[in-house]
Amino acid sequence: MPEIYRVLLGAYGRQGWWPVTPRGKKRPEYSCPKRPSSRESLEIAVGAILTQNTSWSNVERAVENLNRTGFFCRPFSFPDALLKKTIRPSGYYNQKAVYVRNFLDVVKKDFGGDIKRLFAVEGGRLRRILLDVKGIGPETADSIILYAARKPVFVIDAYTMRIMRRAGLLSGSAGYERARAFFETSLPRSVGIYSEYHALLVRQGKEYCHKKNPLCAACPLFGKSMCPGVRRGQ
Ligand code: SF4
């Protein structure tokens with residue numbers, strides 16, 4: 001496991017996740033601060049909700065709209081109708097606006113509107129709080145915990161499952177929690193490593209380990225004998 005991390009890091013370099021909007025700009029960039037401000041933490045949490053079932057480029061457009069309309073300066077009083085319109089590029093915008101509002105309601109009602117107070121909660125309890133929010137599943141909750149709250153939990157996504165199964169490190173029947181436990185017991189408990197590794201696996205999935213016709217011959221893991229590859233058509 002640490003070997004795969006090292007190979008991917010050598011192949012792609014640091015990914016700068018989670019993309020956040022730098023001060024004075026409107027569009028997120030890959031230069032996430034190690035200690036996000038309250039505004040940046042909120043942007044990460046909202047981005048994690050918006051990225052469900054869509055590509056990051058669509059989320060970027062939605063976050064840009066949120067910046068332009070001043071959402072992050074007044075999230076609790078931001079009108080729902082405007083929120084739907086603003087996040088439209090991320091798809092499923094009616095549903096996602098409700099999910100964002102559900103999350104904000106928890107921050108407002110249970111933590112006095114202070115996202116830092118929510119993120120100060122111990123990791124396991126924080127995870128339970130987030131999973132109780134309608135519209136936040138394990139991948140979204142863990143993305144928020146890792147990148148916004150900066151607590152060590154490994155994020156599992158479809159790319160990670162595919163790569164690990166093909167590399168023979170996870171069985172086909174392993175679900176989200178088993179995969180998460182596998183990473184968390186195989187790696188040093190580190191926010192830095194978890195954040196980078198997840199981003200690298202996403203990059204690897206996009207560049208080489210495609211669902212159909214993966215580019216095994218050119219893949220950095222195949223070249224280092226860390227994955228047997230997939231025969232064409234499999
Ligand atoms: S060798 Fe092929 S199957 Fe294995 S990780 Fe690389 S692209 Fe994916």
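The values are calculated or read from the model by the stated rules, or taken from the named source; none is laboratory data. If you're wondering where the values come from, they're calculated on a predicted model, not measured in any experiment. Positions of Cβ are generated from backbone atoms using ideal geometry, with glycine treated the same way; all protein chains shown enter the neighbour counts.
Results for (1) in contact (Cβ under 8 Å) with a residue 12 or more places away in the chain; (2) not in a helix (DSSP H, G or I), shown as yes or no for each residue.
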{"position": "32", "(1), (2)": "yes, yes"}
{"position": "45", "(1), (2)": "yes, no"}
{"position": "84", "(1), (2)": "yes, no"}
{"position": "95", "(1), (2)": "yes, no"}
{"position": "103", "(1), (2)": "yes, no"}
{"position": "118", "(1), (2)": "yes, no"}
{"position": "125", "(1), (2)": "no, no"}
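Which numbered condition in (1) within 24 Å of the chain's Cα centre (by Cα); (2) in a loop (DSSP other than H, G, I, E, B) is the only one that residue 230 fails?
Unmet for residue 230, out of (1) within 24 Å of the chain's Cα centre (by Cα); (2) in a loop (DSSP other than H, G, I, E, B): (1).
I'd like the residue in region 209-223 that is without any contact (Cβ under 8 Å) to a residue 40 or more places away in the chain and under 24 Å from the mean Cα position of the chain (by Cα) and, out of all such residues, is nearest to the ligand (Cβ to nearest atom). Please lay out each step first, then the result.
In the first step, residues of region 209-223 are kept if they are without any contact (Cβ under 8 Å) to a residue 40 or more places away in the chain; the result is 210, 212-213, 215-219, 222-223.
Imposing the further condition that a residue be under 24 Å from the mean Cα position of the chain (by Cα) reduces the set to 210, 212, 219.
Details: 210: 7, 212: 12, 219: 3 Å.
Per the criteria, the residue is 219.
Considering only residues of region 166-181 that are surrounded by fewer than 19 Cβ atoms within 10 Å (Cβ to Cβ) and within 16 Å of the ligand (Cβ to nearest atom), which is nearest to residue 7 (Cα to Cα)?
Ranking the qualifying residues of region 166-181, first place goes to 167.
Which of the residues that make up region 9-46 are hydroxyl-bearing (Ser, Thr, Tyr) and modelled with pLDDT under 95? I'd like the intermediate steps shown before the answer.
Going residue by residue through region 9-46, those that are hydroxyl-bearing (Ser, Thr, Tyr) are 12, 21, 30-31, 37-38, 41.
If the condition is that a residue be hydroxyl-bearing (Ser, Thr, Tyr) and modelled with pLDDT under 95, then 30, 31 are the ones that fit.
Spot the failing condition for residue 54; the list is (1) more than 16 Å from residue 150 (Cβ to Cβ); (2) among the β-branched types (Val, Ile, Thr); (3) touching a Leu at 6+ places or on another chain (Cβ under 8 Å), and only one is missed.
Of (1) more than 16 Å from residue 150 (Cβ to Cβ); (2) among the β-branched types (Val, Ile, Thr); (3) touching a Leu at 6+ places or on another chain (Cβ under 8 Å), only one is false for residue 54: (3).
Given the conditions (1) without any contact (Cβ under 8 Å) to a residue 60 or more places away in the chain; (2) in the same structural domain as residue 105 (by TED's automatic domain parsing), report the number of the one that residue 143 does not fulfil.
Result: residue 143 fails condition (1) only.
What is the number of the single condition among (1) closer than 19 Å to residue 12 by Cβ; (2) near the ligand (Cβ under 10 Å from one of its atoms) that residue 200 does not meet?
Unmet condition: (2).
Just one of the numbered conditions (1) within 30 Å of residue 216 (Cβ to Cβ); (2) touching a Lys or Arg at 6+ places or on another chain (Cβ under 9 Å); (3) assigned to a helix (DSSP H, G or I); (4) of a type outside the set (Asp, Glu) is not true of residue 154; which one?
(3)
Just the residues that are more than 22 Å from residue 50 (Cα to Cα) and not in a helix (DSSP H, G or I), please, taken from region 8-30. First the steps, then the outcome.
First, the residues of region 8-30 that are more than 22 Å from residue 50 (Cα to Cα): 8-14, 24.
Correct list: 13, 14, 24.
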